[in-house]
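The values are calculated or read from the model by the stated rules, or taken from the named source; none is laboratory data. Values in this document were obtained by computation on a predicted structure and should not be read as measured data. Cβ atoms come from the backbone with ideal geometry, glycine included; neighbour counts cover every protein chain shown. Areas reflect the complete protein model, heavy atoms only, side chains present, ligands, DNA and RNA absent. Shrake-Rupley method; radii C 1.70, N 1.55, O 1.52, S 1.80 Å.
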Amino acid sequence: MPQLKTKYLGLTLKNPLVASASALSKKISNIKEMEDAGISCVVMYSLFEEQIDHESLELHHYLSRGTESFAEALTYFPDFDTYNSGLDRYLGLIAEAKKSVEIPIIGSLNGVSNSGWIEYAKKIQEAGADALELNIYFLPTDKEINSESLEKNYIDLIAAVINSVEIPVSVKLSPYFTSIPGTIQAMENAGAKGFVLFNRFYQPDLDIEKLTVEPTLELSTSRDMLLPLRWTAILYGRIEADIALSSGVHTGTDMVKAIMAGATVATTASELVANGILSAKKMLQGFANWMDTHDYESVESLRGILSQKSVAFPAAFERANYMKALTSFDDTL
Ligand SMILES: Cc1cc2nc3c(=O)[nH]c(=O)nc-3n(C[C@H](O)[C@H](O)[C@H](O)COP(=O)(O)O)c2cc1C
């Protein structure tokens, strides 16, 4: 059988399949089931800073810049008391997970203010998390905020968190940056050890009868993998940090693609939510069988073989391929 062991954020994992943040990690029984199904590491659901301190002044500062009033903005948050009873529960779950399973547990923090990020990052470390994932999601709606100042703000926050904890820190990003490589390089310079590409964004829909704006959450399909796959392939070998591919990983084949593009690990949430945690077993079997039948002895030997650096036609990942895709489609019409 091929050697599936891999290293992510300095942690030794028995294989490259990681459970990405989702509500599944709210129950210890699910985390145990993930370990039993073969998953090598669990990223906990995110602790949202808003959850802990609704009235944070800094949060107020951010939110009120894009909305009419803070009070109104808060009505769009779920009722956090029922969604999650907050910090203590979160930290308790991490501590319990650490006692219950052998696989590494990564805390996830979705913050908005400098003080919140640092304080909660430290607490997550104290609870026993092996690493910390920072989910940076701030939607600028204010015309006064330009990309440079926003990115500088992100990088300052990331640096502040990294300097306040000892565990490795990764950053979960959106694909909406003007220059993904430039932003990632700056974050790596600030000390980030890994990048999770990418977070999925759930766009609100309009209910035209009720005249309301409705939140939507649609699970991914394997097609959603193409965007992170491309960026993983482009970034592999250009940064030192690990890449965790997130979005659209549903099968062993998807895992093979992620690693071939250059991902350190493939992460999955929708597959486990839609088809049960046990589907991880099938994914891992598919991955190992493929490696076996194609004579790859280790994940290392597979990693990056279809990254931009390694392919015969590197422009396939760039704009040149856009034209090629259009013209070859046109030819079929
Ligand atoms: C039900 C559900 C809950 C999620 N909760 C979180 C979360 O708390 N924090 C986070 O960073 N990502 C969260 N995500 C996003 C996933 O971690 C993942 O990045 C995204 O769903 C793309 O991966 P997938 O295609 O395998 O689902 C959630 C996803 C789902 C489906």
query: Which one of these does Met255 not meet: (1) farther than 21 Å from Phe138 by Cα; (2) within 12 Å of the ligand (Cβ to nearest atom); (3) in contact with a Ser or Thr (Cβ under 7 Å, 6 or more places away or on another chain)?
result: (3)
Verdict on Asp330 being free of Cβ contacts under 8 Å to residues at least 40 places away in the same chain and within 27 Å of Ala19 (Cα to Cα): no
- prompt: With respect to Thr253, is the statement that it is modelled with pLDDT of 95 or more and part of a helix (DSSP H, G or I) true?
  reply: yes
query: Which members of segment 138-177 meet the condition of being assigned to a loop (DSSP other than H, G, I, E, B) and in contact with a strand residue (DSSP E or B) (Cβ under 6 Å, 6 or more places away or on another chain)?
result: Ile167, Pro168
query: Does segment 306-316 contain at least one residue that is of a type in the set (D, E, K, R) and outside any helix (DSSP H, G or I)?
result: yes
- request: Could you tell me whether Leu157 is open to solvent by less than 20 Å² (accessible area, probe 1.4 Å), in contact with a Ser or Thr (Cβ under 9 Å, 6 or more places away or on another chain) and at pLDDT below 95?
  value: yes
Selection status of Leu245, surrounded by fewer than 20 Cβ atoms within 10 Å (Cβ to Cβ), within 12 Å of the ligand (Cβ to nearest atom) and modelled with pLDDT of 95 or more: no
- line: Within segment 216-242, residues open to solvent by 80 Å² or more (accessible area, probe 1.4 Å), within 12 Å of the ligand (Cβ to nearest atom) and part of a loop (DSSP other than H, G, I, E, B) come out as Leu217, Glu218
- request: For residues that are of a type in the set (Ser, Thr, Tyr) and open to solvent by 10 Å² or more (accessible area, probe 1.4 Å), scanning just segment 268-286, find the one that is farthest from Thr221 (Cα to Cα).
  value: Ser279
- prompt: In segment 78-111, which residue that is open to solvent by 70 Å² or more (accessible area, probe 1.4 Å) and modelled with pLDDT under 75 is nearest to the chain's Cα centre (by Cα)?
  reply: Tyr83
task: Scan Ser29, Ser20 and give me the residue that is within 11 Å of the ligand (Cβ to nearest atom) and either surrounded by 20 or more Cβ atoms within 10 Å (Cβ to Cβ) or modelled with pLDDT of 95 or more (or both).
output: Ser20
- request: Working only within segment 178-187, note down all residues that are part of a loop (DSSP other than H, G, I, E, B) and open to solvent by less than 70 Å² (accessible area, probe 1.4 Å).
  value: Ser179
message: Can you confirm whether Ala258 is under 30 Å from His294 (Cα atoms) and under 16 Å from the mean Cα position of the chain (by Cα)?
response: yes
query: Counting only residues that are open to solvent by 10 Å² or more (accessible area, probe 1.4 Å) and of a type outside the set (Val, Ile, Thr), how many does segment 112-127 have?
result: 9
field: Count of residues meeting criterion [more than 10 Å from the ligand (Cβ to nearest atom) and either at pLDDT 95 or above or open to solvent by 60 Å² or more (accessible area, probe 1.4 Å) (or both)] in segment 188-213
entry: 17
